[in-house]
Amino acid sequence: MRIGFDAKRLFNNFTGLGNYSRFVVNALIDHAAQHQYLLYTPRRKDHPDTFYITEHGQVSVHTPPLLYTLTGTSSLWRTWGLSKDASVKTLSVFHGLSQELPHQLPSGIRKLVTIHDLIFMRFPKLYSSIDASIYRAKMSHACKVADEIIAISQQTAEDLMSYLDVPASRIKVIYQGCHPQFRKILSPEALHYSRKKYGLPGEYMLNVGTVEERKNIILAIKAMALLPETARLPLVIVGRETAYKHEVVNVAAKLNLSPLLIFIHGVPFDDLPGLYQGALVFLYPSIFEGFGIPVVEALESGVPVITSTGSCFREAGGPGSIYVEPTREDELAFQISRVIGDQSLRQQMIAQGKEFVTRFAPAMIAKELLELYEMQRVKSEW
């Protein structure tokens with residue numbers, strides 16, 4: 001098969017949607033190298049994380065004609081001009097990896113789109129009205145023209161049915177995995193280097209993700225305040241800062257916990273495994289996610305996870321993680337104390353987490369995607 005991808009995020013985003021895009025293409029070229037993969041992007045940014053993909057013999061990269069580049073309209077090419085690229089007519093399947101599909105793709109090509117979340121519809125106050133309108137228009141178009149919609153969690157599938165009236169028969173849940181670097185066990189020397197580089201203590205709790213209201217970091221701080229002073233560990237918060245950080249800092253100051261907060265922004269992706277593996281416990285009290293990939297990263301890294309009830313968290317965290325209502329700091333404080341104080345419990349959680357995340361392995365994801373592509377290809381021949 002010749003399989004095309006909207007690869008804008010793959011080349012230009014090095015967090016969530018970009019990580020997903022690279023994971024999918026990496027998984028396919030590693031486990032299904034007999035097919036050809038065509039990547040369409042308005043801009044190509046060379047980066048160490050993309051070299052393995054672009055240097056593969058079965059991969060070709062397609063960018064806009066020079067006119068689009070000279071006039072600064074490459075984004076328009078992605079939406080309206082891509083379908084006119086001569087190579088598109090040769091595709092069996094086109095897969096939009098980040099909630100969008102180009103307009104006017106040829107009718108003979110089967111079209112799939114991955115939907116990650118509908119948070120902009122569930123929590124509209126977290127988005128500007130303009131951004132929310134754009135997201136809705138793009139997603140609505142993609143869901144309308146797609147032959148199959150891939151949801152990255154059952155929660156996202158249910159939201160598609162509730163908010164966009166997409167029939168269950170058009171949705172297939174295929175989970176996402178995380179970068180294989182999180183599976184590599186670091187040496188004591190590497191962990192020591194990580195602690196030294198970021199000025200971290202010997203024991204700490206960890207949170208990874210954009211420091212925004214939805215991530216609910218303040219709940220963790222309130223929970224820390226309920227613990228005896230001797231049981232309080234520093235909380236390392238890794239992620240892009242937003243205005244919400246000021247609220248976090250203010251709450252910590254009022255509770256006399258400022259010395260226990262360590263913010264780290266702009267961490268290179270290669271440094272994340274060291275930060276995860278050095279942690280005693282991973283806290284993720286988020287209110288809502290499409291999937292919650294940091295939970296999977298923590299489990300792959302061998303770190304016990306305490307996260308939230310509801311949403312998709314059990315899908316990502318499995319039976320070995322602990323779940324707390326995202327409004328109950330007393331529950332979170334109890335579970336933090338319990339996990340930190342019980343080494344046998346931590347080991348049990350780690351073992352169960354390692355077993356659970358095998359379902360997110362690249363080979364498993366590649367197999368499910370290829371089965372879907374093949375099914376769609378066969379349908380196009382009917």
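Values quoted throughout were computed directly from the atomic coordinates according to the rules given, and no laboratory measurement underlies them. Treat the numbers as computed from the prediction; the structure is a model and nothing was measured. Here the Cβ positions follow ideal geometry from the backbone for every residue, glycine too, while neighbour counts run over all protein chains shown.
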- Task: Just tell me which aspartates and glutamates come within less than 12 Å, Cα to Cα, of K125; anything on the same chain fewer than 8 places away is out.
- Result: E213
- Query: Roughly how many nanometres apart are two label points built 7 Å out from the Cα toward the Cβ at D330 and M375?
  - Reply: 4.7
- Query: If you take the Cα atoms of the stretch 231-315, find Rg, then find the Kirkwood Rh from the mean of 1/r over all pairs, what is Rg/Rh?
  - Reply: 0.96
- Modelled FRET efficiency - R0 41 Å, H31 with T73, Cβ distances, 0.05 increments: 0.65
- For a label point 7 Å from the Cα of R338 along Cα→C-beta, name the residues of the stretch 291-323 whose backbone N is under 11 Å from it. 322-323
- Note on the structure: Between the residues S337, P228, A32, the Cα farthest towards the positive end of the dipole of the chain, that dipole coming from +1 and -1 charges on the beta-carbon of Lys, Arg, Asp and Glu, is from A32
- Message: Report the Cα centroid-to-centroid distance between the stretch 141-219 and the stretch 366-382 in angstrom, as an integer.
- Response: 26
- With a 10 Å radius around each residue's Cβ, average the other Cβ atoms per peptide and rank 65-73, 103-111, highest first. 103-111, 65-73
- Query: Which whole-Hz couplings ³J(HN,Hα) result when phi for each residue of the stretch 266-272 is put into the Karplus expression 6.51 cos²θ - 1.76 cosθ + 1.60, θ = phi - 60°, listed in order with x for Gly and Pro?
  - Reply: x, 6, x, 4, 5, 8, 4
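Dipole size in debye (nearest 20) for the chain around its Cα centre, Lys and Arg Cβ +1, Asp and Glu Cβ -1?
Roughly 700 debye for the chain.
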- Considering the options S286, Y193, V296, tell which one lies farthest towards the positive end of the dipole of the stretch 180-359, charges being +1 on Lys and Arg and -1 on Asp and Glu at the Cβ, about the Cα centre. Y193
- In nanometres, what is the gap between the two model label sites at F269 and T309, each 7 Å from Cα along Cα-to-Cβ? 3.6
- Task: Give the long-range amide H neighbours of V61: residues separated by 5 or more places, or on another chain, with amide H under 5 Å away, using H modelled in the peptide plane at 1.01 Å from N.
- Result: L39
- For labels at A363 and E203 in the simple 7 Å Cα→Cβ model, what's the distance in nm? 3.8
- DSSP bridge orientation in the chain - percent antiparallel, rounded to nearest 5: 0
- Query: HN-Hα J couplings of the stretch 103-119 from phi, Karplus 6.51/-1.76/1.60, θ = phi - 60°, integer Hz, Gly and Pro as x?
  - Reply: 7, 6, 5, x, 5, x, 9, 6, 10, 10, 9, 8, 9, 8, 6, 10, 4
- Could you give the dipole magnitude of the stretch 23-89 about its Cα centre, charging the beta-carbon of Lys and Arg +1 and that of Asp and Glu -1, in debye to the nearest 20? 340
- Could you list the GluC sites (Glu not before Pro) in the stretch 180-218 that lie in coil according to DSSP, counting only those with at most 13 other Cβ atoms within 10 Å of their Cβ? E203
